[in-house]
Structure formats: structure tokens, C-alpha cells
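**Q** Mind having a look at this structure? Questions to follow.
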Amino acid sequence: MVENDTLDSQERVPDELELGSVFPSPTREQWEAEVLKVLNRRRPPGQELPIDKAMARLRSKTVEGITIEPLYTRDDRALGFPALAPFDRGATIRSGEMDGWDVRQLHEDPEAATTRQHVLNDLERGANSVWLRTGSDAIDPADLGAVLEDVLLDLAAVVVSSREHQTASAAALAQVWKDRGIDLTTATGNLGLDALGLAAVTGTAPDLGPHREWVAAALEGLPGVRALSVDALPYHEAGASDADELGLAIATGVAYLRDLEEAGIAPADAFGQVEFRVSATADQFLTIARLRALRRLWSRVGEVVGVPAELRGARQHAVTSWRMMSRDDAYVNVLRTTIACFAASVGGAEAITVLPFDTVHGLPNDFSRRIARNTQVILAEESNIARVNDPAGGSFFVEQLTDQLAEAGWAWFQQIEAAGGMTKAVNTALITDRLAASTAERDRRLSDRSAPLTGVSMFPQSVEPVIDRTPRPVAPESALPRRRDAEIFEGLRDRTTALAETNGRQPAVLLAALGTRRDFGARETFTTALLGVAGIGAPLVEGTDPSAFATGLKEAGTKVAVLCSSAKMYAEHGAAVANALRDAGATTVLIAGNAKELGDAPEGTVDGTLFAGVDTVPLLTSILDTLETAR
């Protein structure tokens, strides 16, 4: 009987399973109806939102003004193939083996013996190329031979970069290859020439002369080596948006093509000498779309200048963003860099660098370098991302975001071209003003926490673990501003720490929690976390007796208090508690919520409000100003 049942069930299994066929396809109208149900759930009759206003509430914009829709639908575009123009889907083919991208870790410790050991450790444990940064605060170009002593240079690619000594670094690396006696046709890497990038960070006039010399040398005797690196990281670190970074990278590449063509180097040969170094951030979709868009734009440049279609692909070296790294709650950086590495891989980067989580604290140690390296290895070999070509291809959202970024980046590139090209535009207000505008918009989003930073502006730790690292050497001055997103909050935390050291106690704001936890719980939790962004303590007094709050204020040793409760409790007790706090010496009384909830209380009963979306930086700055003057 059992055997017959088994046979019958097998006979009933169809050859092809169409698992979605039994479900009806929802229409957009049905989806919109569900949206309206949610958004109008608590709105009174007659004041419901129509669908156009509901959709407006669900849309968001990127820093450069690109609109992100709440829903994307099929557009039936031709998807194309990886490694074919216009290269949206990748400039190379991933074979399915574990060779999806170069695991390229950064080395910049000026101590040659230490760097030599770190290079060896990385190559033995998963890395397959080496990135050496030279400079007065990094590796001396004269030490490249010692640093690379243990490296099999015919197997591992070596890339150099510098914001000071580019020509010397290129010469030193070429000399190492020669001194080691390897077959120069097997050498791979990049000589790191980027004259416009150097001009941008030093504030000097660009000199493209060395480009011609080294490109000619690479074409003649180093077939596996690229001479030029279009490094967009300085612009990213100066505040560039995704579209800004795209336009600046393409404009720089075009300027190099023009100069090389004047020197008699054909565009097809020049194309093979350029590698783009770009950022990868924790905004995974923007990173994926930006890498795809850069390849499309560079392919279009190649088409215009007559490069054969198969040679128009842009090679990209993606580096997890230094700008997104935080000093406080530094272990969250592991999550940020994992997302960024994932996005760089999905976006089709040929080489990826993951910055160690303790980068902000100083020179990374063995442990943090291992975590950074293994982030790539695990994603490639255990998550199998390295086996897949363009896994985001066909996503309605990613495809349209690629279109939007490509259009915005190309429009910015055209503005630079109209100003005479990147060679003339570098170090001018055209670029610096654009970067400043992007920075200002990003700062606004950071401050109101619509762009939250986990562990910094959201869910901050009350006590930071000690991360002791070797300090970095003093870096040379940069003509481009260089600032991390978290710095505007870290400065607040530093003020609190200094005030605590001066007074011998943590600065605090009294939370006047009216009623019971059922009344004040939600707003007390919100306020405690908000004050914690600056490291300010939040002692709590609960109840409805005004004298208890007055006593609590004196015991806390503060001049600032925040009322926390429900609208009902505010209307009944808020004014009396606020007056008692002022009589006890409070110079600033705030309310969590809306001042209108105080009912008939006279205007001026409270000095300000705390709410979701409040401009956090000026609020906390004002509180710290009061606490400092009241000590």
C-alpha cells in the first residue's frame, strides 16, 4: 500500500514546476490601495491622503537630487551581456572559479620591516595583489624593494599610489621589477600616475608630462602594467556625491586621453593604460549602480574616440569608503565595510580593498588586517559572489538607478568640459563649490539623522571600548578638505569628555519623566538615546511631584532638563514641573514632543522641543554650551 501511494505521488509531479502560476499577479492599483490603507490608517475621515500625496511621502532623494521611487516595475529593456559594450554588466567575465576579483589590501606603514611582514601575511592568507601608498606619512619610495622582498612579483600584482611622490614611486616600482630579474612581460600592476589627482590635493598646477613617458614605457616593455590611475577617492573624501564622483572620474580620464593622443599614443592603447580607483560605501545600491554607470560612460567615451568595442571596458579598483568610517563604536565599521565590499563585487569591480575597522584610530594591527582581508575571502569563497556576473542585472531598481546616475554624471562631466576640461577646471571654484554643496546637503541629512550612522548618531554606546593603535604620521596638508561623516558627532563627544575631565563627573541633562513608564517610556527612551549621541548622561526622575524634580535637578548638578511624557500628562502637570525646574536653577527646559501638548501653559514654558527629525547637531551643541557655562 505504501509503495502504491509513493508511485501515485511521483506520477502526479509535473515535469516543470511553475511555483508562481497559482498566484494572481497584483496590479499597481491594488498596490496603491494597500499603500493608502497604511498611510491613512490614523487620519480622520475627510482628511485622507490621495495617492499622489501618498506617493510623494514615500519618495526620497539622493544627495545629488536623484529621486528614489517606492516601487519599480518592469521596463522590458534589453539586458545585454557581461564583457560586452556598453559594459553595464561588467568589463570582464567571472569564470566561476574563485578569481572574481583581486583581493587588494592597502599597505602604508612607514616602517619597512613591519610592512614587509604585513604584505607577506596578506598574500599567504587570501590577498592576491598589493597596494602600497608612498609619501611622507607612508612608505618611502626607496623602501619598495625591501617591502616587496618576499613577494613573487611574477605572480602578484603590485600597485603604487602617492599624493606626493608619484613619479618617484613609479620609477622605484619599475626598478624593483628590473632588479629582481623577472620576465617583465609577467609583471602586473599599476604605476600610479595621476597628475590631476595630485594637482587637486596639492593645489598646484598639473604636470601631465610624466604620463607620456611612463605610458610609452609600459606599452613598450610592461604589457601587464597600467601606468595611469584615475583616483576619485580624494574627491569622495572631500564630499563628492555619487554623480560628482562619476563626472570627475570621466573628465579626468578624458583629459588623459587627450594628452596622450597629442603625444602620438592611440586612444585604444591609452584606454588600456587607465584604471579607475573609486569608493564603495555602505549604500549598496548606489555603489552598485555607480560602478555600472562608470563603465557605461567610459564605454561611450571610447566609442566617440574610436576605440574598438571590445576594449572600451573600464577597469575599476573599489576601495571601501574612508569617509564612512567612524571612530566611535569602531566595530560597526566591520558591517559597513562588509556591505561596501559586497556592493563593489556585485557592481563588478576588478579589484577591491577593504579598509580595516580601526583605520581611524591609527595604523591597523594584525587582527584588524585579518578581519578586512577575510571579509573579502568569505564573500568570494563562502558566499560565492565571485562566481556570479552582475547579480543585480535586471533589477528594475538597479537598472533605473544606473540610468539616473549615468545621466547625472554625464551632465556634470559636460559642465567640466564646457569649462575647458579637467586640466583647466581642477582647483577652481567650479569643482570646490560643487563639492561644498554636496557636503552641505549630506551634513543636513546627518544632522537630522535622515542619514543615520549606527553607533554614532543612532544607538550610541555609553562607554567606548579602548582601541589602542600606533598613531599615524602627520599627513601633508591637502588642498581638498578631507573629513569623515561621523566627525560632526565625534566633536560633540569630545566636548563632553573634556567637560567630564574638568568637572570630575559626566555632564548630564535631567529627564523629568511625568507619570509612570506607561506614560513616558517611549519619549524617555528616545531622549536618552539622543543625548547619548554627544555622550551626555540622562538621570531620570519620575512622578508628578514638582518638588521631586527640583531636588533631582540639584542632585544631577545640571542646568538643563527635558520633560518626557504623554500629551495627557503634559497638559495636567507639565507647566508646574517646568516652573519648579526653573525655580531650582534650570536655565533650559525642553520638551520631548510638541509644546502644544502643554495645553493652556503660557508661551515660553519650555525653551525648545525634541522630536524625530530634529536638527541634532545644533541642538546638542546648544545643550553643551549651556552645560559648559553653568559649571
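**Q** Could you check the spin-label model distance between THR73 and LEU540? Points 7 Å from the Cα along Cα→Cβ, value in nm.
**A** Here the answer is 4.8 nm between the modelled labels.
**Q** What's the angle, to the nearest 10 degrees (0 to 90), between helix 166-179's Cα axis and the longest principal axis of the chain?
**A** Computed tilt is about 50 degrees.
**Q** Show that you can apply the helix-only estimate: for the chain, add -39,500 (n - 2.57) for every DSSP H stretch of four or more residues, divide by all residues, and state [θ] at 222 nm to the nearest 500. Intermediate results must be reported in sequence, preceding the final value.
**A** Working: 22 runs with 280 residues, N = 631.
Taking each H run of at least 4 residues, the total per residue is -14000 deg cm²/dmol.
**Q** Within 10 Å, count the other beta carbons around each residue, average over each peptide in 491-504, 103-116, and list them highest first. Spell out each step's value before the answer.
**A** Working: 491-504: 15.4, 103-116: 19.8.
Sorting 491-504, 103-116 by mean packing, highest first, produces 103-116, 491-504.
**Q** Next question, about the same structure. What is the set of long-range amide H partners of ALA280 at a cut-off below 5 Å, with H atoms built 1.01 Å from backbone N?
**A** Hits under the 5 Å cutoff: VAL319, THR320, SER321.
**Q** Continuing with this model, one more query. Let me know the charge dipole size of the chain about its Cα centre in debye, to the nearest 20, where only the beta-carbon of Lys, Arg (+1) and Asp, Glu (-1) is charged. Could you put the intermediate results ahead of the total?
**A** Values: 62 positive and 89 negative charges, 308 e Å.
It comes to approximately 1480 debye.
**Q** Return the label of the correct value of semi-axes √(5λ) of the Cα gyration tensor in Å, as calculated from the structure shown, out of [x] 82, 24, 22; [y] 49, 34, 25; [z] 40, 31, 25.
**A** The calculated read-out lines up with [y].
**Q** Between LEU120 and TRP31, what length comes free when the chain is fully extended (0.36 nm per residue of separation minus the Cα-Cα distance, one decimal in nm)? Numbers along the way, then the final one.
**A** On the way: separation 89, 0.36 × 89 = 32.04 nm, distance 5.56 nm.
Stretched fully, the LEU120-TRP31 segment lengthens by 26.5 nm.
**Q** For the pair PHE611 and ALA475, how long in nm is the line joining their label points, each one 7 Å along Cα→Cβ?
**A** 3.9 nm
**Q** Related question: Would you mind putting 258-268, 472-482 in packing order, based on average other-beta-carbon counts within 10 Å, highest first?
**A** With the highest mean Cβ count within 10 Å placed first, the list reads 258-268, 472-482.
**Q** Quote to one decimal, in nm, the extra length available between GLU603 and ARG180 on full extension: 0.36 nm per residue of separation minus the C-alpha distance between them. Intermediate results must be reported in sequence, preceding the final value.
**A** Working: separation 423, 0.36 × 423 = 152.28 nm, distance 8.02 nm.
Value of the extension gain: 144.3 nm.
**Q** Sticking with this one: Give me the number: length gained by fully extending GLU220 to THR454, i.e. 0.36 nm times residue separation minus the C-alpha to C-alpha distance, one decimal in nm. Walk me through the numbers on the way to the answer.
**A** On the way: separation 234, 0.36 × 234 = 84.24 nm, distance 5.03 nm.
Fully extending the segment from GLU220 to THR454 adds 79.2 nm.
**Q** Give me the distance between the Cα centres of the stretch 343-395 and the stretch 500-533, rounded to whole Å.
**A** 39 Å
**Q** Related question: Around GLY608, which amide H atoms from residues at least 5 apart in sequence, or from another chain, sit under 5 Å from its own amide H, with H modelled in the peptide plane?
**A** When sequence neighbours closer than 5 places are left aside, the close amide H contacts are ILE591.
Values quoted throughout were computed directly from the atomic coordinates according to the rules given, and no laboratory measurement underlies them. Owing to the predicted nature of the structure, the values given are computational and were not obtained by experimental measurement. Heads up, the Cβs are rebuilt from the backbone with ideal geometry, glycines too, and the neighbour counts pull from every protein chain shown.
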